[in-house]
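A.B. asks: What follows is a single structure, and I will ask about it in a moment.
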């Protein structure tokens, strides 16, 4: 069985060969320690159906596919151009690549011959850009948001319920709260939601605040934190 470290390195190496700067990919993708936690938790749950919300260029997607060979995985991403995602990040690089996220996700999954277990969907999960500053950057870049519909409920009705979900999309508090509110209706009773970036930095605080707002409306749910990984069950 492939290790998480091997799977992550294979994905990073392949994507670097496609013209993406490795440091940029690593900065915006799941780190090794977090990836190992993600897979360890997932293997304990033995999920048949997984939902990944927010793929970026497919590092975490490939790790899930390579390390969980029995799982079928549905992925949803707003599918922004890579150079636009760079503009939305706190740490920015000299990125001029106009290809979109799912272009690279599909390529990396094809490369590892695991695409047939995946369903890739373009669109927002529960909301667009609740943050005005982010929205202005996207519109000024030239993105027509009408081309990217909110598809979460429709997607979940068609493919859910899910045994496990990995939420790593918009980290703004309101977006996290809305994503969790919608997602919680389509997770099996014994299922788990895994969140990325729940640490103590700026984005971690944003994610935690979104979780807190969700828990106020769902007090029966439990929230546990392991480093940068959070679990709702």
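A.B. asks: Can you give me the ranges of the helices (runs of 4 or more DSSP H) entirely in region 1-115 with at least 1 residues that are surrounded by fewer than 17 Cβ atoms within 10 Å (Cβ to Cβ)? Don't jump to the end; show me each part of the working.
C.D. replies: Values: elements: 4-17, 22-28, 32-45, 59-67, 82-88, 101-111.
Passing ranges, in order: 4-17, 22-28, 32-45, 82-88, 101-111.
A.B. asks: Something else about it: Among the residues of region 122-138, write down those that are within 17 Å of the chain's Cα centre (by Cα) and either assigned to a loop (DSSP other than H, G, I, E, B) or crowded, with 20+ Cβ neighbours inside 10 Å (or both).
C.D. replies: Here is the first cut: in region 122-138, the residues within 17 Å of the chain's Cα centre (by Cα) are 122-129.
The answer is 123, 124, 125, 126, 127, 128, 129.
A.B. asks: With respect to residue 142, determine if the residue is at positive phi and modelled with pLDDT of 95 or more.
C.D. replies: Details: at positive phi: yes; modelled with pLDDT of 95 or more: no.
For residue 142, the condition - at positive phi and modelled with pLDDT of 95 or more - is not met.
A.B. asks: Could you please tell me which pairs satisfy a Cβ distance under 6 Å, a separation of 6+ or placement on different chains, a first residue in region 1-29 that is free of Cβ contacts under 8 Å to residues at least 24 places away in the same chain, and a second residue that is surrounded by 15 or more Cβ atoms within 10 Å (Cβ to Cβ) and in a helix (DSSP H, G or I)?
C.D. replies: 22/16
The values are calculated or read from the model by the stated rules, or taken from the named source; none is laboratory data. Predicted model, so just to flag it, every value in this text is computed and none were measured. Cβ atoms come from the backbone with ideal geometry, glycine included; neighbour counts cover every protein chain shown.
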